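Peer 1: Have a look at this one before I ask anything.
The values are calculated or read from the model by the stated rules, or taken from the named source; none is laboratory data. Remember, predicted model here, so these are calculated numbers, not experimental data. As a convention, Cβ positions derive from the backbone with ideal geometry for all residues, glycine included, and neighbour counts pool all protein chains shown. Just so you know, the surface numbers come from the protein's heavy atoms only, side chains and all, with ligands and any DNA or RNA stripped out. Shrake-Rupley method; radii C 1.70, N 1.55, O 1.52, S 1.80 Å.
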Amino acid sequence: FPDLFGFRTVTVTPEMVGKKIAVFAFLEVKKPGGRTSKAQEKMLAFLKASGAIGGVARSAEEAAALLQRS
């Protein structure tokens, strides 16, 4: 499971009745040059395929950029 997780509120399009929903957000935190394990890669791929927002962050700037993606 990712090191950090939560959700981001996303505004749904008018076609989806204009409600807001929570989208799962995650960060796998690594030091510069750090690598993910096979199990971590599998979990991250599952989360992304399920519509979650996030990824592997090796700096605060990278973490912010990952969470700003829609």
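Peer 1: Answer yes or no as to whether G33 is more than 15 Å from the chain's Cα centre (by Cα), modelled with pLDDT under 95 and on the phi > 0 side of the Ramachandran plot. Give the derivation first.
Peer 2: Working: more than 15 Å from the chain's Cα centre (by Cα): yes; modelled with pLDDT under 95: yes; on the phi > 0 side of the Ramachandran plot: yes.
Considered against the rule, which asks whether it is more than 15 Å from the chain's Cα centre (by Cα), modelled with pLDDT under 95 and on the phi > 0 side of the Ramachandran plot, G33 comes out as yes.
Peer 1: Looking at the range 49-70, I want the residues that are more than 11 Å from L27 (Cα to Cα) and have a partner that is β-branched (V, I, T) and open to solvent by less than 80 Å² (accessible area, probe 1.4 Å) with Cβ atoms under 9 Å, at least 6 apart or on another chain. Which pairs are those?
Peer 2: From residues that are more than 11 Å from L27 (Cα to Cα), the pairs are G51/V23; Q68/I53; R69/I53; S70/V10; S70/V23; S70/I53.
Peer 1: Out of all the residues in the range 11-57, which are surrounded by 13 or more Cβ atoms within 10 Å (Cβ to Cβ) and farther than 20 Å from R69 by Cα? Working first, answer last.
Peer 2: So in the range 11-57, the residues surrounded by 13 or more Cβ atoms within 10 Å (Cβ to Cβ) come out as 23-30, 36, 40-41, 43-44, 47-48, 52-57.
Once the filter is applied, which keeps residues that are surrounded by 13 or more Cβ atoms within 10 Å (Cβ to Cβ) and farther than 20 Å from R69 by Cα, the range 11-57 yields T36, Q40.
Peer 1: Quick check on this structure: which one of F46, F7 is hydrophobic (A, V, I, L, M, F, W, C) and touching a Phe, Trp or Tyr at 6+ places or on another chain (Cβ under 9 Å)?
Peer 2: Details: F46 fails: touching a Phe, Trp or Tyr at 6+ places or on another chain (Cβ under 9 Å).
Within the list F46, F7, the selection yields F7.
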